[in-house]
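Bear in mind these aren't lab numbers, they're just calculated from the coordinates by the rules spelled out. Quantities reported herein were computed from a predicted structural model and do not represent experimental measurements. Cβ placement follows ideal geometry from the backbone for every residue including glycine, while neighbour counts extend to all protein chains displayed.
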Amino acid sequence: MTGAGGGLGREIASELDRRGYTVRVTDVDGEAAQRTAATIGGDATGSALDVRDEAACRATAAETVERVGSLDLWVNNAGVLFTGSSWEQDEGTRRTMIEVNAIGTMNGTVAALDQMRQAGRGHVINVVSLAGIVAAPGEVTYSASKHAAMAFTLGTLFDLRRAGIDGIDISAVCPDGIWTPMLEDKLDDPEAAGSFSGHLLTAEEVAHEVGKLTERPRPILILPRWRGLQMRLVDLFPSLTTRMLPLVMADARRRQRRYKRLIESGRWPK
């Protein structure tokens, strides 16, 4: 697990432990990773990992095989989000999102495949986002990084099959907005309204679906499913979407304010 020091990553790590996996928790914050591992207990371990470092990802994969004998599952969850119009973000902000969300996913995937190709089996799950399907207003660079992660995920799966490798699966998980620390400071941010425009999910809900995905791998898992169709329709008709954008974003902002009221009153999540 990458990016599992808290939020969604921590919930997925706990779900995998319940399903019988020996979990290695990683995070750029090594102490947070160790705390998650301690909470899980059992054979879980935690360590620091910066997914932008390809050599470190490969070393983590190799060390995991050496310690437990196999690498059956690798989950790329590490991600960062900064909102704002593309021309307002500086080069460093854009680079961070591309390097963590896209290159980090690539590094983790190829590190896992190093070990899985030798064993002839395994499963890589990349936590992408609905932003990997549609260009999200106010989150454009984030969306661009997630589009890259989506293309890399599906393209690598195609290449595996093209090479005659059938025992390794790669999946992209594309959830709607999730109530995690990534969004907790964005209830008043109009640039983040798109993340609240649909059905706001909990980390527990998504982790449970990721757990089920380990039993029945599929190339793309969209949560909730109806949002995938909606987002694809947006992509199919960009001119219409552009004309409707003021109404769409006004509704997204209304939903954002509604979630803020529910969260602050303790009525959501329950």
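Sort the following peptides by mean Cβ neighbour count (other Cβ atoms within 10 Å, averaged over residues), highest first: 68-74, 109-115, 235-241. Don't jump to the answer; show the numbers that get you there.
Numbers: 68-74: 18.0, 109-115: 21.3, 235-241: 10.9.
Output ranking for 68-74, 109-115, 235-241: 109-115, 68-74, 235-241.
With everything on Cα atoms, drop me the angle between helix 238-265 and the longest principal axis of the chain, reported from 0 to 90° to the nearest 10.
It works out to around 80 degrees.
Run the dipole for the chain about the Cα centre, Lys and Arg Cβ at +1, Asp and Glu Cβ at -1, nothing else charged, and hand back the magnitude in debye, nearest 20. The partial results should precede the final answer.
Details: 32 positive and 35 negative charges, 225 e Å.
In total the dipole reaches around 1080 debye.
Could you grab the relative contact order for the chain? Cα pairs under 8 Å, six or more apart, rounded to a whole percent.
Working: 478 pairs, mean separation 45.8, N = 270.
That works out to 17 percent.
Quick one: compute the contact order of the range 5-100, relative version, from alpha carbon pairs under 8 angstrom and 6+ residues apart, as a percent.
Details: 106 pairs, mean separation 20.3, N = 96.
That works out to 21 percent.
In what sequence do THR45, THR60, THR22 fall when counting other Cβ within 10 Å, fewest first? Show your work: numbers first, answer last.
Details: THR45 19, THR60 22, THR22 16.
Starting with the residue having the fewest Cβ neighbours, the order is THR22, THR45, THR60.
Can you work out ³J(HN,Hα) from phi for every residue in the range 19-29, in order, using Karplus 6.51 cos²θ - 1.76 cosθ + 1.60 and θ = phi - 60°, giving whole Hz and x for Gly and Pro?
These are the phi-based 3J(HN,Hα) values: 8, x, 7, 7, 9, 10, 8, 10, 6, 4, 8 Hz.
Once Lys and Arg get +1 and Asp and Glu get -1 on their Cβ, which of TRP268, ALA48, ALA131 lies farthest toward the positive end of the dipole of the chain?
TRP268
Quick check: residue separation of LYS212 and ARG254 times 0.36 nm, minus the Cα distance between them. What number comes out in nm?
On the way: separation 42, 0.36 × 42 = 15.12 nm, distance 3.30 nm.
Length gained between LYS212 and ARG254: 11.8 nm.
Per-residue HN-Hα couplings for the range 80-96, Karplus 6.51 cos²θ - 1.76 cosθ + 1.60 at θ = phi - 60°, whole Hz, x for Gly and Pro?
So the Karplus estimates, Gly and Pro as x, are 9, 9, 10, 8, x, 5, 4, 6, 8, 8, 7, 4, x, 5, 4, 4, 4 Hz.
By what distance, in whole Å, do the Cα atoms of the range 7-265 stretch along each of the three principal axes, largest value first?
Principal axes ranked by extent give 54, 44, 36 Å for the Cα atoms.
LYS186: which lysines have alpha carbons under 17 Å from its alpha carbon, excluding same-chain residues fewer than 8 sequence positions away?
LYS260
Using a Cα-Cα cut-off of under 25 Å, which lysines could be cross-linked to LYS212, ignoring same-chain neighbours fewer than 8 residues away?
The qualifying lysines are LYS146, LYS270.
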